[in-house]
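Here's the structure, in structure tokens; my notes come after.
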Amino acid sequence: MGHDITAVIGSPAVVARVVSVAECPAPTELNGGLHIAPLGYQQIDKLTRLEPGRYSEGFKSFSEGLQAALLKAVDGGTLAFVETNYFGGTGSQAAAVIAGGKVAMQAATAVTRNPVRRDDPINSALRALGVEAASGMDEFDTVGLGRFRDLESLGLDEWDDE
């Protein structure tokens with residue numbers, strides 16, 4: 001089973017600001033009071049104004065242009081940007097945290113078959129948002145990210161031109 005998402009995660013107010021600028025579908029509530037909103041090609045193009053600039057190493061979408069747009073949209077708030085690309089247990093993930101008017105953390109894992117670890121990028125980003133892992137779970141599972149396998153499961157149909 002695959003897992004391929006690009007999204008922003010944060011408080012309802014901060015995610016709503018990104019949704020407004022990027023014209024994302026309505027955010028989805030996660031466990032712990034956080035919200036998630038998908039970023040497809042159209043939303044990223046809208047945020048970067050088709051000028052992405054250089055991409056951060058290991059990321060497929062987190063570019064200089066996207067960083068600048070998210071920094072402006074969150075206006076001093078805290079937000080996590082996450083990317084996953086897994087199929088059959090092999091894949092990669094990347095995450096960045098925007099906090100205090102800057103990119104406070106960014107990390108990416110190369111394609112791997114290793115099990116998810118506590119220090120993987122998305123778990124680290126979720127901890128920066130205040131998520132505490134439930135007993136026997138990591139932060140990813142604690143907030144319920146496993147239930148979203150693709151952008152469609154987050155309400156975004158990238159092939160819908162309407």
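Of these, GLU51, GLU83, which one is out of contact with any helix residue (DSSP H, G or I) (no Cβ under 8 Å at 6 or more places or on another chain) and of a type in the set (D, E, K, R)? Among GLU51, GLU83, only GLU83 is out of contact with any helix residue (DSSP H, G or I) (no Cβ under 8 Å at 6 or more places or on another chain) and of a type in the set (D, E, K, R).
Only strands (runs of 3 or more DSSP E) whose full extent lies in the range 6-105 are considered here, and none of them has at least 3 residues that are acidic (Asp, Glu), crowded, with 16+ Cβ neighbours inside 10 Å and modelled with pLDDT under 95. Is it the case that the range 66-77 has a residue that's farther than 21 Å from VAL18 by Cβ and among the hydrophobic types (A, V, I, L, M, F, W, C)? No; the residues of the range 66-77 include none that is farther than 21 Å from VAL18 by Cβ and among the hydrophobic types (A, V, I, L, M, F, W, C).
Look through GLY146, GLY136, GLY155 and report the one residue that is of a type in the set (Gly, Ala, Ser), more than 18 Å from LEU30 (Cβ to Cβ) and modelled with pLDDT under 95. Result of the check over GLY146, GLY136, GLY155: GLY136.
Just one of the numbered conditions (1) under 25 Å from GLY40 (Cβ atoms); (2) touching a residue at least 40 places away in the same chain (Cβ under 8 Å); (3) buried (at least 17 other Cβ atoms within 10 Å of the Cβ) is not true of PRO121: (2). Across the range 103-116, the qualifying residues are those that are over 16 Å from the mean Cα position of the chain (by Cα) and in contact (Cβ under 8 Å) with a residue 12 or more places away in the chain, and the one among them that is nearest to ALA69 (Cα to Cα) is ALA110. Restricting attention to the range 143-161, the residues that are part of a helix (DSSP H, G or I) and buried (at least 20 other Cβ atoms within 10 Å of the Cβ) total 3. Under the condition of being more than 26 Å from ARG147 (Cα to Cα) and not hydrophobic (A, V, I, L, M, F, W, C), the residues counted in the range 78-106 number 3. Restricting the range 124-142 to residues that are out of contact with any strand residue (DSSP E or B) (no Cβ under 6 Å at 6 or more places or on another chain) and closer than 17 Å to VAL8 by Cβ, the residue that is surrounded by the fewest Cβ atoms within 10 Å (Cβ to Cβ) is GLY130. Only one entry of VAL131, VAL116, VAL111 meets the criterion of being modelled with pLDDT of 90 or more and β-branched (Val, Ile, Thr), and that entry is VAL131.
The values are calculated or read from the model by the stated rules, or taken from the named source; none is laboratory data. Quantities reported herein were computed from a predicted structural model and do not represent experimental measurements. Every residue, glycine as well, gets a Cβ built from its backbone with ideal geometry; the counts of neighbours run over all protein chains shown.
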